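Structure first, then comments.
No value in this document is a laboratory result; all are computed from the given coordinates. What you see is a predicted model; the values in this text were computed from it and never measured. Cβ sites come from the backbone with ideal geometry, for glycine too, and all protein chains shown count toward neighbours.
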Amino acid sequence: MSALACPARFETRPVEPFGIELIGDLSVPFSAEEENFLKALMDEHGLVVAQGQQLSIERQRDITALLGPIPERELYNVSLDDGVLGTDPLTFHSDMAFCHTPYRYGSLHGLEFEGGQTSTSFANGILAYRKLSAETRKLLARLTTLAVSTCRTGQAFREDIPHDAFRTQRAAVIYHPRSFEPILYVAEAQHARFNELDRAASDALYEQLFAILYAPDNVYRHEWKVGDFVIYDNLTLQHARPDLTKLSVRRLQRMGVADVSAHDMLAEFLDQSGLPEVTEAA
C-alpha cells in the first residue's frame, strides 16, 4: 500500500491479481493531498478502479491530467460505431506501442452497455518480468523488437508484415520512467520480431513469453458496469477486449496521457483514423 495515508473521504481495497479499488466520489475536485494519493496509487499498482462514478469529460480530463499532458486530438468517446475501433476483438496491446512515443497512461469511464456483458483485460509487464528466469532475462537484455500496427485480432509474430505497416524498434525490456522497474514490453497484437533472432527462434521466444504474460495469475479482467472508471499505466500494462458484435450498445469515455501530441506520435495513422472533435459525451 502507498506510503501516503489514505485521505479521509476515500477507502481502498486490493484488486486481484493486481491493482487497487478506490472507493469514494471522484466527481468532487481533489485536494492536494488527494491528488498526491492518486498519483502514489498509480505508481504502486499501475491500475486504479472506481465504481459508481458520474464523470463529465472535463472531470475525467482533470483527473487523468494529474498523471501528465493530454494530447489535443483524441478518441474521447469509444463506441461500437466510432469509426476507429469498431466491434472487432482486440488482442493484447499497449496504446500506440508501434510509435516512437507511446501513451503513458489511459483512463476509461463506462457510460452505457446493452446486449450482454463486456470486459477489458489487463496484463502486467512488470509482474511478468519478475517471473522470468535469470537465463531469459539475460537473453532479453540484448534483444530489440519490431513493433507494428498490423495485427488487431491475432498475434503479430505469426503474420508476415506488410511493407506499408507502421513500425518502430525498441528494447524488449524497458524501464518505467517513474519507478525504474523493468517491464517485459512485448505484446501479441503488436510485436512481430526479435531483430537479433531468426524467425523460428523469435517465434518460439514469443510463445514462451506470452505464456507468462497472459497466464491467469498475471491478468486482471474488468467486467464493465455503468459508472466504472479505470485508470491504467499504458507502459506497465497491456489491454485487450473480446468480440463485441453481439452487443447493441457499448460506450465509454476515454482519455490518454502522452509526452507528445497525438499527431506527433504518428501523423499518418491519425490522419487516416477520422478522430472526432472533443465533445461532451451525451
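Using the count of nearby Cβ atoms within 10 Å as a rough guide to exposure, how do V49, V84 rank from fewest to most? Mind showing how you got there, number by number?
Values: V49 19, V84 13.
Fewest-to-most ranking of V49, V84: V84, V49.
List, largest first, the extents of the alpha carbons of segment 89-222 along their principal axes, each in whole Å.
Dimensions of segment 89-222 along the principal axes of its Cα atoms: 47, 35, 26 Å.
How much mean residue ellipticity at 222 nm does the chain get from its helices, if each DSSP H run of length 4 or more adds -39500 (n - 2.57) and you divide by all residues, to the nearest 500 deg cm²/dmol?
One gets -6000 deg cm²/dmol as the mean residue ellipticity at 222 nm.
Alpha carbons only, please: Rg and Dmax for the chain, in angstrom.
Every Cα atom of the chain included, Rg and Dmax give 18.4, 56 Å.
Cα axis of helix 199-213 to longest principal axis of the chain: angle in degrees, 0 to 90, nearest 10?
That helix lies at roughly 30 degrees to the long axis.
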